[in-house]
Structures are given as structure tokens and as C-alpha cells.
Amino acid sequence: MTDFTLLTTAALTAIVLVAAALLIARLLAPRSFNPQKGEPYECGVPTRGISWGQFHSGYYLYAILFLVFDIETVFLFPWAAVVERVGTLGLVSISFFIVVLILGLAYAWRKGALAWK
């Protein structure tokens, strides 16, 4: 059996099993045609006013800054795992990376992105 035949067999088996599961669920699932089913639900209390209210842009900026710095600090863990093998070049590279992070934080702080207004 070649690799391609094995891959094709696995893909076809997966497609058939997923299709069979969806078909069985569609045939056996209970159906409810209640018009209330399509209404928005929030803890059983009807909403007052518009549900699509706007948030202050500071929340979005704060969240984006958190994600940026959180994701970038995740890159420090693989470096820490191989710190002995990378040598001086690795140390210089990660130092540059940390300096860029600190400069980005200083820029955001100076612009007032971290202050609640």
C-alpha cells in the first residue's frame, strides 16, 4: 500500500464518517418550530434599547496592547529552553527583542494608551 493510497483511504473514511454522523443527527434530532426560538436570549430577560452599543475605543486599544505583549513574551519561552545552545548570538538577538518590547511599551505609555480616561 503506497502512502497516497493510505492518505486517500483515511480522507475518504473521515468524510464518510462525518457525513454519516451529520445525517444521523439530522434524522434523530427533535424539531421545535416555536417562533420564540429565533429571538435573542439573555438570561431570560428581554433586552432594553439597542443591543449593539458601542464601547469606548480605549478598551480595544488596551486589549490589543495586551495581546501584542502577551504573544511576544510567549516567544521568550522557546528561547529560554535552548539558551545554552544558542550562545552569544542568541543572547544579542533576545536582548534586541526585549529592547524593542520596552520601547513599544514606553511609546504606548507616553501616548496615554494605558491610562483609563
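So which residues in segment 64-106 are within 25 Å of the chain's Cα centre (by Cα) and either among the hydroxyl-bearing types (Ser, Thr, Tyr) or assigned to a loop (DSSP other than H, G, I, E, B) (or both)? Passing the criteria: THR73, PHE75. Say we look at segment 1-41 and pick out the residues that are within 30 Å of TRP52 (Cβ to Cβ) and hydroxyl-bearing (Ser, Thr, Tyr); which of these is surrounded by the most Cβ atoms within 10 Å (Cβ to Cβ)? The qualifying residue surrounded by the most Cβ atoms within 10 Å (Cβ to Cβ) is TYR41.
Quick note: the coordinates plus some simple rules give every number you see, no bench work behind them. Since the structure is predicted, the reported quantities are computational estimates derived from the model, not experimental observations. Cβ sites come from the backbone with ideal geometry, for glycine too, and all protein chains shown count toward neighbours.
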